[in-house]
């Protein structure tokens, strides 16, 4: 960007006016003096319109807590691979996990690539900096005995079928909490996964009338507070799960008794709170942990299993039953639990047989207790 004038004062005035015009037009100001902090502020404004709310929250946190404090003062022209490593080093010294380091590295790389596209002088070797090494995860699946120990306690809950969906159907937490009755076809024996429950942050918590941080093209249905129904993150997230007999009976019984227990259910949620409002993640987690404590079940590391590890249990049981990995992916949606060479077509009957095999493996028979 260049301007000319007869005096230095006039040049500065024109330069300020030019910068203001460029910012008004939505284009970032490209300058050899641009710092990481200056670009980060511009990049976050852009990202807010394109990223999923949860991804944007992660990016904003990485930028504000780590990237800007550590290297925000650096100009692009002076940025080196050592500066990229310095961000990870700061997190390690602060006792953050390797997963946090990797997320922040990914945000920084994405931010710097966007800067290059806009013409900022980011040296390619900076982008080639090797990411931090991820520590070995201790995520694990429950044993058959542990899963069987939990199910009777789940049967004591009015909505125990919710945890059968986690252990037997491999449904994600957001998919279960966002499931509505119009996506459950008991006659056809299938569940359509088309929405997930997710909190979307307000633009300003002090001025909620300004609405939510919803990116362009993002489909969301507001339920209550910050909770929304949103579409799955990927095409693989959209899927139809067959309902095997044990799950069918549990859902049918719960549908009949739900009206007596839930005062109102304006959103048609399958597993809402008793007042009809959507169940928040923390409440669901507490119930899941409570079931393990009641059943005296714990992870080999001495902690409680997370609700996501129920999906590991489903996948492990399916593998133990000799189910083809392509069928497992079709049942569970895209998952890092399994490594496959790509998505392959599988029909509903194959998936139904696979889930029935898991039920047989668990020795599940309905005895009127699980809802």
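In the stretch 245-269, the residue that is modelled with the highest pLDDT out of those that are in a loop (DSSP other than H, G, I, E, B) and crowded, with 16+ Cβ neighbours inside 10 Å is 267.
Of the residues 208, 224, 256, only one is closer than 30 Å to residue 360 by Cα and free of Cβ contacts under 8 Å to residues at least 60 places away in the same chain; which? Checking each option against the conditions leaves just 256.
In the stretch 149-159, the qualifying residues are those that are surrounded by fewer than 22 Cβ atoms within 10 Å (Cβ to Cβ) and touching a helix residue (DSSP H, G or I) at 6+ places or on another chain (Cβ under 6 Å), and the one that is modelled with the lowest pLDDT is 158. Scoring residue 217 on the criteria (1) assigned to a strand (DSSP E or B); (2) surrounded by fewer than 17 Cβ atoms within 10 Å (Cβ to Cβ) leaves a single failure, condition (1).
Look through 229, 210, 186 and report the one residue that is more than 23 Å from residue 328 (Cβ to Cβ), touching a strand residue (DSSP E or B) at 6+ places or on another chain (Cβ under 8 Å) and surrounded by fewer than 19 Cβ atoms within 10 Å (Cβ to Cβ).
On the way: 229 fails: surrounded by fewer than 19 Cβ atoms within 10 Å (Cβ to Cβ); 186 fails: touching a strand residue (DSSP E or B) at 6+ places or on another chain (Cβ under 8 Å).
The conditions single out 210.
Is it true that some residue in the stretch 318-327 is under 19 Å from residue 191 (Cβ atoms) and either under 24 Å from the mean Cα position of the chain (by Cα) or not assigned by TED's automatic domain parsing to the domain that holds residue 149 (or both)? Within the stretch 318-327 (the criterion being under 19 Å from residue 191 (Cβ atoms) and either under 24 Å from the mean Cα position of the chain (by Cα) or not assigned by TED's automatic domain parsing to the domain that holds residue 149 (or both)), the answer is yes, since at least one residue qualifies. The residues on offer are 203, 198, and the sole one that is in contact with a strand residue (DSSP E or B) (Cβ under 7 Å, 6 or more places away or on another chain), in contact (Cβ under 8 Å) with a residue 60 or more places away in the chain and more than 22 Å from residue 355 (Cα to Cα) is 198.
Test of understanding: among 96, 92, 103, which residue is crowded, with 17+ Cβ neighbours inside 10 Å, outside the structural domain of residue 358 (by TED's automatic domain parsing) and under 28 Å from residue 35 (Cβ atoms)? Can you show your working first?
Details: 96 fails: crowded, with 17+ Cβ neighbours inside 10 Å; 92 fails: crowded, with 17+ Cβ neighbours inside 10 Å.
Answer to the check: 103.
If the condition is being surrounded by fewer than 19 Cβ atoms within 10 Å (Cβ to Cβ) and part of a helix (DSSP H, G or I), then the stretch 317-326 contributes 319, 320, 325, 326. Given 272, 278, 242, which one is more than 30 Å from residue 44 (Cβ to Cβ), surrounded by 20 or more Cβ atoms within 10 Å (Cβ to Cβ) and touching a helix residue (DSSP H, G or I) at 6+ places or on another chain (Cβ under 8 Å)? Answer to the selection: 242. Against the condition in a loop (DSSP other than H, G, I, E, B) and exposed (fewer than 15 other Cβ atoms within 10 Å of the Cβ), how does residue 300 come out, does it pass? For residue 300, the condition - in a loop (DSSP other than H, G, I, E, B) and exposed (fewer than 15 other Cβ atoms within 10 Å of the Cβ) - is met.
The values are calculated or read from the model by the stated rules, or taken from the named source; none is laboratory data. Nothing here was measured: the structure is a model prediction, and the numbers come from that model. With ideal geometry, Cβ positions are generated from the backbone for all residues, glycine too; neighbour counts draw on all protein chains shown.
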